[in-house]
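Take a look at the structure below.
The values are calculated or read from the model by the stated rules, or taken from the named source; none is laboratory data. Since we're looking at a predicted model, the values are computed, not measured. Reconstructed Cβ throughout: ideal geometry from the backbone, glycine too, with neighbour counts over all protein chains shown. Ligands, DNA and RNA are excluded from the accessible area calculation, which covers all protein heavy atoms including side chains. Shrake-Rupley method; radii C 1.70, N 1.55, O 1.52, S 1.80 Å.
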Amino acid sequence: HDLEMPEQPYTLALWNLIIRPPRRRYHLSRLGPAEFRLWSCGVKRLDVDLTNSRGQKLRCSHFLPQDSRGKDPRPCVIYLHQNASCRLEALQLIPLLLPLGITLFCFDFVGCGESDGDYVSLGWFERDDLADCVKYLRDSGKVSSIGLWGRSMGAVTALLHADRDHSIAGMVLDSPFCNLRQLVGELAQSDYLTLKVPSWLLSAALALIRARIRSLCNFDIDELSPEEHVGNSFIPALFLHGSGDDFIAPHHTEKLHQAYNGDKEMELVAGDHNTPREYQVIRKAVFFLVQALRCNVEPTPNENNLAAILGFHAMDADSIDRKVLRGQILVEAARMLALSAKCQIQGDLLQAAMSFRLEGVVQLKEQASEAGYCFGLLSLPTDHGGANQPPVVLMALIGVDGLKVVRLVEGKEPEIVAKAAFKVELGVPVMMLLEMRSAEQVQFT
């Protein structure tokens, strides 16, 4: 990420800490490819720009599984990122949710990431943006039940929305605050300011901060109080908070949990406000939503998929956060993909861990014949695909009408990704030169 700091000379002033934190800019390539493959299902990303009620663009992404269940409406989790963050925060959930048949929707809040706007409101206007996203999803016909997963500002947004939309199936609420004025008072005397506000000056300082935020963002910090909303919320909720959080202290979530009227759980977890949550915590939250969304944990079995043939469970490989598949298994998976395209593989198996250049001579003997090279790309761990992604096979083939590059992915028909037309005579040797410009580990034959 690139951090875009506010241009005002008082960037560490309290109102900027609240409504204009460092902005996380990113290139759209960080979202991953528009289509890719997990071991247990294909994934398609649909990017959409929504216009909120204030005329601002929200940059959104909807990740949908591609499997045997087709286009039936699916349960959906909307991920709501924290302050000074963006929708990339949600990518870690793809290999956990999509194999279960659950779609994932994420977006950049106004004033964050690539969405419009200069300021955030810590949930005040964000709840309306969430309502716009919920409406879009329900109107799309792609989703059935909807769950919310929010962290910090995102958790507050979920709480402010929940008491006016009881159709939400369940919520994961990580590190919300209970009252903004109280939080501002705590931050004013915290180490997050280079110069702490003296206690005798705190009341006057809060009045100035309130006026400043109202003039810039048109909302009143005294009215932003999630604790006043939880009494009318009945959606099953899992509350989480880092035990070492010194930005929003754990007592905020404890107070909200105590006053919450719906079915609820509460867990203090290791870490501070920005610490990545441990994997077992994320898995617990996933299965909490699985129950709330009333999903079938086991996906439709497929005894003919590559994982089953190679002797491991596809969903296990997707959902484990560390590398567990040996290189030889991935090589064998790439070989099986190539054979599925009725490709006759000859020669030795070579290996490269960086960019490479390959030269060779091929000769066509029949009008319908093709010859060339086949190589498999063994993916490195990624945010969107987890630690154990399946391989992709590329074939560079020469026929009498020219050259084509074919891409093979499990569960899809071979796809021609590039071609060049020229005439090749039978019986005439043709020099092939291949160059792979990639940092990925490559296997080729």
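For the reader, a short list of remarks on this structure follows.
- Neighbour count of at most 10 Cβ within 10 Å plus DSSP loop: longest trypsin sites (Lys or Arg not before Pro)-free window in the chain: 72-321
- Ligands, DNA and RNA left out, the accessible area of the chain computed with a 1.4 Å probe is 52% carbon and sulfur.
- Straightening the chain between N218 and L380 buys 53.7 nm, computed as 0.36 nm per residue apart minus the Cα-Cα spacing.
- Tail beyond 21 Å, pair distance distribution of segment 354-444 (Cα, percent): 39 percent
- Cross-link pairs beyond the 30 Å C-alpha cut-off, checked among K44/K404; K135/K284; K71/K419; K142/K412: K71/K419
- Percent antiparallel among DSSP beta bridges (both partners in the chain, rounded to 5): 70 percent
- Candidates P65, P391, P276: whichever shows maximal mean-square fluctuation once the chain is modelled as a Gaussian network with Cα springs under 10 Å: P276
- Computed from the Cβ-Cβ distance with R0 of 22 Å, the FRET efficiency linking D316 to D72 stands at 0.35.
- Using the Stokes-Einstein relation with a Kirkwood hydrodynamic radius computed over Cα pairs, the translational diffusion coefficient of segment 103-206 at 20 °C and a viscosity of 1.002 mPa s comes to 138 µm²/s.
- Efficiency of FRET between E366 and L434 - r from beta-carbon atoms, R0 22 angstrom, step 0.05: 0.45
- Within the chain, the percentage of alpha carbon pairs spaced more than 41 angstrom apart rounds to 29%.
- Spin-label model, A205 to H251: label points 7 Å out along the Cα-to-beta-carbon direction sit 1.8 nm apart.
- Interchain or long-range residues, amide H under 5 Å from I78's placed H: F105, G147, L148, W149
- Charge dipole magnitude, Cβ of K and R +1, D and E -1 - segment 366-445, Cα centre, debye nearest 20: 120 debye
- Along the axis of the charge dipole computed for the chain (Cβ charges of +1 for Lys and Arg, -1 for Asp and Glu, origin at the Cα centre), the listed residues H251, P429, W124 are led at the positive end by P429.
- Karplus-derived 3J(HN,Hα) values for segment 138-155, using 6.51 cos²θ - 1.76 cosθ + 1.60 with θ = phi - 60°, are 5, 6, 6, x, 8, 10, 10, 7, 10, x, 10, 10, x, 10, 6, 4, x, 5 Hz; glycine and proline are entered as x.
- The helix-based estimate of mean residue ellipticity at 222 nm for the chain, built from -39,500 (n - 2.57) per DSSP H run of four or more residues and divided by its residue count, is -7500 deg cm²/dmol to the nearest 500.
- L50-A259 pseudo-label distance in nm [points 7 Å out on the Cα-to-Cβ vector]: 2.7 nm
- Taking Cα centre as origin and charging only the Cβ of basic (Lys, Arg, +1) and acidic (Asp, Glu, -1) residues, the dipole magnitude of the chain rounds to 580 debye.
- Between D139 and E359, the FRET efficiency estimated from the beta carbon spacing at R0 = 45 angstrom works out to 0.25.
- Rounded tilt (10° steps) of 327-340 against the dominant C-alpha axis of the chain: 60 degrees
- Cross-link partners for K57 among the aspartates and glutamates, with Cα-Cα distance under 14 Å and sequence neighbours closer than 8 places in the same chain left out: D47, D49, D108, E114, D116, D118, E126, D128, D129, D132.
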